[in-house]
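Read through the structure below, which is laid out as C-alpha cells, and then see the notes.
Just so it is clear, none of the values below were taken in a lab; they were calculated from the coordinates. On a predicted model such as this, the values are computed, not experimentally measured, just so you know. Please note: Cβ atoms are built from the backbone with ideal geometry, for glycine as well, and neighbour counts cover all protein chains shown.
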Amino acid sequence: MTKLKMFSLSLLLAGLAWLVWQVHVATQVAVGYSAKQLCSGVFVSALPRDFVVARDILPRMAILGPALELLSLEVDTARGEARASLLAASAVAGYQSPARGCTLHLPGTVSAGEMSVVNPHSGPQSRSPFVFADSPALMAALDAAFMEPAEGGRQTLALLVAHRGSVIAERYAAPVTAATPLQGWSMNKSLLATWVALLVEDGRLRLDQPVAPRLRELGAPEDVIAAVSPELTLEHLLRMRSGFDFEERYEPGSDATRMLYRRHAMWQVAPRSGHAHTPGVRFNYSSGDANLTAAIWQSALPVDRYEDWLATAFSLPLGLSSLVAEADASGVQAGSSYAFLSARDWLTVGQLWLDAWHGRSALLSQAWQRTAVTPSGDDGSYGRSFWLNIGGEAFPGLPETLFYAGGNAGQYVLVLPEQELVVVRLGLSDASVDTGVHAFLSALLDSLTNDVVGRAVGTRTSAGALR
C-alpha cells in the first residue's frame with residue numbers, strides 16, 4: 001500500500017472515530033436531559049408525563065432529527081425514577097426527597113407510597129386564575145402574553161404581577177396551577193447569590209476569600225486545585241469573572257452540557273478547565289462558576305443537609321412552601337439550574353429583592369442588594385448574579401433600574417424598584433421565540449401612568465409574603 005493510500009485510510013479512520021465519538025456524546029446528553037427533565041417534571045412539578053414529553057423534551061431533542069424516533073422514555077412510579085435510552089446510551093434520574101427533588105445518574109430512593117407527599121396538585125385550588133384592575137388594556141396585554149405567535153413555541157405557563165406588595169395579576173396555562181413548582185433554570189443563580197449573602201452577613205463566608213483553599217477543604221482532586229489561580233475569590237464567581245476557560249454553549253460535547261448531563265460532580269468542571277483570563281479581568285457568563293459557588297456556599301452551612309438550612313433560614317422567614325433545590329450526584333446543589341418554586345413563591349422571592357433594594361427587608365440588607373445590581377468592569381449587563389437593564393440594553397424603553405433573574409426557556413423574575421413592581425413569567429419557550437415579556441412590561445407601565453394598577457385589590461401578609 002502506498003504512503004498516500006495509508007495516509008488517506010488514516011484520515012478516513014480518524015474521521016469515523018470522530019463521528020462515532022460525536023454520536024456517543026450527543027446521545028449521552030440527549031438521554032441525560034430527557035431523564036432529568038422527565039423525573040423533575042413528573043415527581044417534582046407533578047405534571048402529566050405526556051405534557052413533559054411533548055412540551056419540554058421533544059422540542060429540545062428535535063436536534064436529533066430522525067434519531068428522535070429511537071428515543072425511549074419511561075417513568076417508574078414505584079421506584080421514583082425516569083429513564084431514557086437512545087442507541088447505546090441510557091440515563092436514569094431518581095427522585096430523592098421532597099426538598100431535593102430529582103438527581104441524574106443516581107437511583108431513586110422513594111417508594112410509590114411516599115410519592116403523594118410531593119404532589120402539588122393534591123391540595124385545594126380555590127385561587128382564581130387571574131386578578132386584575134379595571135383595565136381592558138392590561139387584560140389585553142395578559143391575553144397577548146399567553147397567545148402563541150404564528151411560529152408557535154411561546155408556551156407561557158404562568159404570569160404574575162405584584163404592585164406595592166399586592167398581587168394584582170395572576171394567570172396560568174393548564175395543567176399548571178398556582179401550586180405547581182416550576183423550574184427557574186438560571187434563576188437559581190440569583191437565588192444562590194442571595195443564599196450566599198445570608199452567610200456573608202452571618203460571618204460564615206467572605207467575598208474576598210480565595211477559592212483554591214476551599215477546594216482543598218471540599219476534597220477536590222489535586223489536578224482541579226492546581227488549575228485554580230490563587231487570585232480567584234468568591235466575588236469573582238458571583239460576578240462571572242472567574243476567568244475560567246469554560247464556554248456557556250449548549251451543544252453536545254460543550255462544557256455546559258458535559259457538566260449538566262455527563263458529570264457526577266458538576267462543581268468541579270469549571271475549575272478543572274483552568275484559566276483563560278486572569279480572575280476579575282473579563283466577564284464570561286458561566287454556569288460552571290455558579291456550581292462552584294454552590295459547593296463553597298454549601299460547605300459553609302452550619303448544618304449537614306443544605307435543604308434543612310434552606311427550610312429554616314430562607315423558606316420559613318419568607319413564607320415559601322414549594323422550594324425544591326436539586327443536587328448533582330455528588331450531593332452538591334446544582335446552583336446553576338435546578339431550583340423549583342411555584343409562581344407565587346417566585347413572586348415572593350422577587351418581593352424580597354425589591355424590599356431589600358428599598359432597605360425594608362429584615363432578611364437581606366439594602367447594601368447587599370444595591371451592590372448586587374451594580375455592574376462592574378467591561379460589561380454593564382450583569383451585576384452580582386443579576387441581569388441589569390443599564391442603558392436599556394435588555395429592555396429598551398423601560399427603566400434602567402430594572403433588574404432581573406433570568407433562565408432558559410423564558411423564565412423571569414423582574415423587579416422594577418422605582419415602580420414598586422415585581423413580575424414573574426414562567427414558560428417553556430423556544431430560544432428563538434419572543435416570550436412577550438417586553439410588550440407586557442410596557443403595557444403594565446402604561447397602566448401605571450393612568451393610575452389603573454394603583455386601584456387594584458390585592459393581599460399581602462404582615463410578614464411581607466405574597467399570598
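See the values below:
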item: FRET efficiency estimate (nearest 0.05) - Cβ-Cβ, PHE51 to ARG206, R0 30 angstrom; result: 0.10
item: Amide proton proximity set for LEU157, modelled H, under 5 Å, gap of 5+; result: LEU426, GLY427, LEU428
item: Likely footprinting exposure, LEU157, LEU64, fewest C-beta neighbours within 10 Å first; result: LEU64, LEU157
item: Theoretical gain in end-to-end length, HIS277 to ALA67 [0.36 nm per residue, Cα-Cα removed]; result: 71.7 nm
item: Virtual spin-label span in nm between ALA88 and GLU148, 7 Å along Cα→Cβ; result: 3.9 nm
item: Sum of side-chain charges, ARG272 neighbourhood, beta-carbon under 14 Å (Lys, Arg +1; Asp, Glu -1); result: -3
item: Using θ = phi - 60° and Karplus 6.51 cos²θ - 1.76 cosθ + 1.60, couplings along region 66-82 (whole Hz; Gly, Pro as x); result: x, 5, 4, 5, 8, 6, 9, 10, 9, 10, 10, 5, 4, 9, x, 10, 10
item: Gap separating the Cα centres of region 287-342 and region 387-418, nearest whole Å; result: 24 Å
item: Normalised alpha carbon radius of gyration of region 330-375 [divisor 2.2 N^0.38 Å]; result: 1.37
item: Förster-model FRET efficiency, 56 Å R0, ASP245 and HIS358, C-beta, rounded to 0.05; result: 0.90
item: Rg/Rg_ref, region 241-287, where Rg_ref = 2.2 N^0.38 Å and atoms are Cα; result: 1.10
item: Semi-axis lengths (Å, descending) of the ellipsoid that matches the C-alpha gyration tensor of region 391-431; result: 20, 12, 7
item: Phi to ³J(HN,Hα) by Karplus 6.51 cos²θ - 1.76 cosθ + 1.60 over region 384-393, Hz, x for Gly, Pro; result: 9, 6, 10, 7, 10, 10, 4, x, x, 5
item: Amide H partners (placed H, <5 Å) of CYS102, local residues excluded; result: GLN96
item: HN-Hα J in Hz across region 284-301 - Karplus 6.51, -1.76, 1.60, θ = phi - 60°, x for Gly and Pro; result: 8, 4, 8, 5, x, 4, 5, 5, 5, 4, 4, 5, 5, 4, 5, 5, 9, 5
item: Burial ordering of LYS189, LYS36, fewest other beta-carbon atoms within 10 Å first; result: LYS36, LYS189
item: Rounded FRET efficiency, nearest 0.05, which uses the C-beta distance separating GLU393 from THR371 and R0 of 25 Å; result: 0.80
item: PHE386 long-range amide H proximity, modeled H, under 5 Å; result: none
item: Formal net charge of residues neighbouring LEU363 (Cβ-Cβ distance under 12 Å; K, R +1; D, E -1); result: -2
